[in-house]
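Some notes on the structure that comes next.
Readers should treat all values here as calculations from the given coordinates under stated rules, not as data from a laboratory. Please read all numbers here as calculations on a predicted model, not as lab measurements. Glycine gets a Cβ as well: all are built from the backbone with ideal geometry, and neighbour counts include every protein chain shown.
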Amino acid sequence: MNIKNILILIRKELRESLRNRWFILYSVAFAVLALAISWLALAGADQYGFAGFDSTAAGLVNLVMLIVPLMALNAGAGSFAGEKERGTLAQLLAMPVTRCEVLLGKFIGLAMALGITLAIGFGISGIVMVSEGGQGNGGGYLTLVALAWVLAAAMLSVGLLISALNAKSSTAGGIAIIVWLMLAFGSDLGLMGSAIIFRLHIWSLFNLAISNPLEVFKMATLYSSHASLHVLGPAGRYAMNKYGSGLWLIFLTVLGVWVVVPLGLTWWTLQHAEVP
């Protein structure tokens, strides 16, 4: 594996991502909505007497769960499929680079681009809080940023797998949106519906919850802010009582699996696929 090749590919992906109009649109939308949530938190201070990182982070959790997975899935889904359509992937693989180097270059470059987007959005929100004298758990806010980036990396990995399995970017993009809808609606609403319809045991409900990376992100964020997981209902109470301090390891392991496994499957797919 040639590190120089990977660095060149990282710069290429980062440059192309930052020029992509859809990526720019998602980035602007995230920054604007993060700023709006900050102002709403400040407005709540005048009426209810609280403002700061804690109240802002609570609002940003839902924003991250809505926009970040969609942005990361689309970024990944358009990667290999888009290059296949343009014929540039075959040209790239004809050069003295391995498919593993191409995959790592794409993943790291796109992950860095997503990180820049999150840093801008969260940074603007944090600056507004500090400038207006907001108080609260700044460490918890930074943990939220880190968890959001890990979630983005996981969804990017899934997007790359979708892209590697499809020859057309439109097909890959459509599948990415379907996956996003399944994960988004399979979070709170899906868990409640499944619990009622199938009368799930509490441990089954918790296992179903941690199979969804969006739900894991939310639980990890609540746990990092020292909020009680009891707000998540019976599954949250079960998790607190059974695992206690070991929950952090469970959350990070699940998110790590969502990064590594799809990425490994993408590598396997590229190794066994014929690029037109």
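By how many nm would the segment from A94 to N2 grow when fully extended, if each residue of separation counts as 0.36 nm and the alpha-carbon distance is taken off? Provide the component values of the computation, followed by the final result.
Numbers: separation 92, 0.36 × 92 = 33.12 nm, distance 1.56 nm.
The span from A94 to N2 would gain 31.6 nm if fully extended.
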Practice prompt. Sketch the reach of a paramagnetic label on K168 as a point 7 Å from Cα along Cα-to-Cβ, and name the residues of segment 77-102 whose backbone nitrogen lies under 20 Å away.
Written response: 77-90
Fill in: Rounded to whole Hz, the Karplus (6.51, -1.76, 1.60) HN-Hα couplings of segment 81-92, x for glycine and proline
4, x, 6, 5, 5, 7, x, 7, 5, 4, 5, 5
Worksheet item: lysines near K168 by alpha-carbon distance under 29 Å, same-chain residues fewer than 8 away left out - which ones?
Response: K12, K84, K106
Discussion item. Per residue of segment 257-270, what does 6.51 cos²θ - 1.76 cosθ + 1.60 with θ = phi - 60° give for ³J(HN,Hα)? Whole Hz please, x for Gly and Pro, Karplus curve as stated.
Written reply: 4, 5, 7, 6, 5, x, 5, x, 5, 5, 4, 4, 4, 5
Discussion item. Output wanted: per-residue J couplings in Hz (rounded whole) for segment 72-79, from phi through Karplus 6.51 cos²θ - 1.76 cosθ + 1.60, θ = phi - 60°, x for Gly and Pro.
Written reply: 5, 4, 5, 4, x, 5, x, 6
Worksheet item: Taking neighbour counts of Cβ atoms within 10 Å as a proxy for exposure, in what order, fewest first, do M155, M240 appear?
Response: M240, M155
